[in-house]
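Some notes on the structure that comes next.
Quick note: the coordinates plus some simple rules give every number you see, no bench work behind them. From a predicted model like this one, the values you see are computed outputs, not experimental measurements. Heads up, the Cβs are rebuilt from the backbone with ideal geometry, glycines too, and the neighbour counts pull from every protein chain shown.
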Amino acid sequence: MDGEVQLGESGNNPSQASVGQQEISEPLDISAYLSNPCGLVSAEKLGELGFSSSDGEPHFPEDDELASQTGPNCIWVEQENSSISVILPSKNTERGVGGLEGLRALHEQGRYRLWEETSVAGYPAAYFGVSDARSSGDCNITVGIADDMAFSVAASSFRDNPAMACQVADEVAVDVIENLKGER
């Protein structure tokens, strides 16, 4: 089911064990994008969503406090102040808690109240957050692309159409996977 987002076995409340049981049979290497996180999303996809690729603002660990804790990221903001961010949590990998399992552990420790498992283009994923703000127009999804690496997409401030946030996050996540596979 490439290019699609699938909820876990039980619909919108999948069992937590399902992501851990999914093997990543085709790991993807994100290392080439650690110095170019804005290159992960195609200009075509950004244009379809109303964003401009030239507006991508990269943030790196050496010059950004948040990136120093998580890893490189890129953010695009459009005229209505909606935004898309792609985060490469390489700092988690360096600490030995990378991949989806590291984030699941944070959920189990109570750091994320929202943890809803799904899959994106055949890769295990989860919607996550310190709270569930999807009905307010904010959506975060993380996708496991190797045992020790994941990437996250945040779609924020979609206040006029809250349901659009997860649709945008899902589409961007699929685009990132296609780019990592060399399909774009």
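A few comments on the model shown:
- Net charge of Cβ neighbours under 15 Å - reference residue 63; Lys, Arg +1; Asp, Glu -1: -3
- Sorting the Cα pairs of region 33-82 by distance into bins of 5 Å, from 0 upward, gives 5, 22, 27, 20, 16, 9, 1 percent per bin.
- Cβ-defined net charge surrounding residue 90, 13 Å radius [Lys, Arg +1; Asp, Glu -1]: -2
- Cα pair distances in region 99-184, grouped into 10 Å bins until the bin that holds the longest one, percent each: 19, 49, 28, 4
- Peptides 93-105, 113-125 ranked from most to least packed by the mean count of surrounding Cβ atoms within 10 Å: 113-125, 93-105.
- Neighbourhood charge, 10 Å Cβ-Cβ cut-off, centred on residue 165 and excluding it, Lys, Arg +1 and Asp, Glu -1: 0
- Förster-model FRET efficiency, 22 Å R0, residue 114 and residue 167, C-beta, rounded to 0.05: 0.85
- The helix-only estimate of mean residue ellipticity at 222 nm for the chain, built from DSSP H runs of length n ≥ 4 each weighted as -39500 (n - 2.57), is -7500 deg cm²/dmol after division by the residue total.
- Averaging the Cα positions of each part gives two centres, and for region 95-114 and region 150-184 these lie 20 Å apart.
- Shape call, the chain: gyration tensor on alpha carbons, a/c limit 1.5: rounded
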